[in-house]
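Here is the structure we will look at, set down as C-alpha cells.
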Amino acid sequence: MEKLANQVGISKSGIYQWDNHEPKPSTIDKVADVLNVSTDYLLGRTDVPNSDVNNEEIDLRDAKHEILSYGGKPISDEDWAVIRRILESGISE
C-alpha cells in the first residue's frame with residue numbers, strides 16, 4: 001500500500017480512508033495508471049482488468065520480469081515454466 005501511495009502521490013493513510021470516503025476521480029485515474037488497469041475495473045464496473053488491446057509482440061524471456069502473480073509475489077521458476085509452455089503452445093508461426 002505504501003508503494004502504491006507513493007506512486008500515486010498520496011499518503012498511505014489516504015488509501016485507508018477510501019473505506020469511508022470515495023477518492024477523487026483524478027486519484028482513481030492515477031491508481032488505474034499505476035496498476036495498469038481501467039478505472040471501470042477499479043470501480044467494479046467490469047471484470048476485465050484492462051480493456052486496452054495490445055498487439056505488441058512480447059519476448060517471453062523478458063515477460064517474466066514484468067508479470068506478477070497473485071498478491072504481487074514474483075512468479076516462481078517452476079510456475080513460469082508452466083505458463084511459458086502454455087503460451088508457446090498457442091503461438092503459431
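The values are calculated or read from the model by the stated rules, or taken from the named source; none is laboratory data. In this text, all values refer to a predicted model and were calculated from it rather than measured experimentally. Note that we place each Cβ from the backbone using ideal geometry, even for glycine, and neighbour counts take in every protein chain shown. Just so you know, the surface numbers come from the protein's heavy atoms only, side chains and all, with ligands and any DNA or RNA stripped out. Shrake-Rupley method; radii C 1.70, N 1.55, O 1.52, S 1.80 Å.
Would you check the accessible area of Val31, probe 1.4 Å, heavy atoms only, in square angstrom rounded to 10?
Val31 has an accessible surface of roughly 10 Å² with all protein chains in place.
Under a Cβ-Cβ cut-off of 12 Å, what is the net charge of the residues other than Ile28 that fall near it, where Lys and Arg count +1 and Asp and Glu count -1?
Here the charged neighbours net out to -1.
Provide the solvent-accessible area of Trp18, counting protein heavy atoms only and rolling a 1.4 Å probe, rounded to the nearest 10 Å².
About 80 Å², rounded to the nearest 10.
Order Asp77, Asp29, Asp19, most accessible first, counting only protein heavy atoms with a 1.4 angstrom probe.
Asp19, Asp77, Asp29
For Ile83, tell me the accessible area in Å² from a 1.4 Å probe, rounded to the nearest 10.
60
Trypsin sites (Lys or Arg not before Pro) within region 1-53: which are DSSP loop residues with at most 13 other Cβ atoms inside 10 Å?
Arg45
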